[in-house]
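Visitor: For reference, the structure I am asking about is given below.
Rule-based calculations on the coordinates, nothing more; no lab input. Here the structure is a predicted model, which is why all the values come from computation and not from measurement. Cβ: placed from backbone, ideal geometry, glycine included. Neighbour counts: every protein chain shown.
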Amino acid sequence: MTNPKTIIVDGVEYVRADAPKGTRAIIVVDRGWIFCGDVTRAEDGRITLTRAVWVFSWKSVGFAAIVSDPSKADIRPMPGPVELPHESEIFAIPVGDTWGL
């Protein structure tokens, strides 16, 4: 018996739901800012988010609903990487590699 990590159907690659996620995460920072991006944590304590988006707002659902379905939020692309001091991070939630894009 095989245990594939992906399967291709009609040219579209599908990934197992329990496959390890990449480095993309939603980062909630102080003063209410919420970003998502591919996370790099530097030794100097800086957090860099590439392919970053800003979770601007959402209505009629809770935070958990936008984590599972980003289409329920107003998500805006950032023009470049977002850099944060590690002290500003309240918490991070790992998400799929294309969340919010």
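Visitor: First measure r as the distance between the Cβ atoms of LYS59 and ILE7, then evaluate 1/(1 + (r/R0)^6) with R0 = 25 Å and state the FRET efficiency to the nearest 0.05.
Guide: 0.10
Visitor: Right, something else. Quickly work out the THR98-to-SER71 label distance, labels modelled 7 Å from Cα along the C-beta direction, and quote it in nm with one decimal.
Guide: Output for this residue pair reads 1.2 nm.
Visitor: If you take the Cα atoms of segment 21-94, find Rg, then find the Kirkwood Rh from the mean of 1/r over all pairs, what is Rg/Rh?
Guide: When Rh is taken as the Kirkwood radius, the ratio is 0.95.
Visitor: Please give the contour-minus-distance gain from ASP30 to THR50: 0.36 nm per residue of separation, less the Cα-Cα distance, rounded to one decimal in nm.
Guide: Full extension of this stretch gives 5.3 nm more.
Visitor: Counting trypsin sites (Lys or Arg not before Pro) as exposed when in a DSSP loop with at most 15 other beta carbons within 10 Å, what is the longest stretch of the chain free of them?
Guide: Counting only loop sites that pass the neighbour cut-off, the longest clear stretch is 60-101.
Visitor: Note down the net charge around GLY45, summing +1 for each Lys or Arg and -1 for each Asp or Glu among other residues with Cβ under 14 Å from its Cβ.
Guide: The answer is -3.
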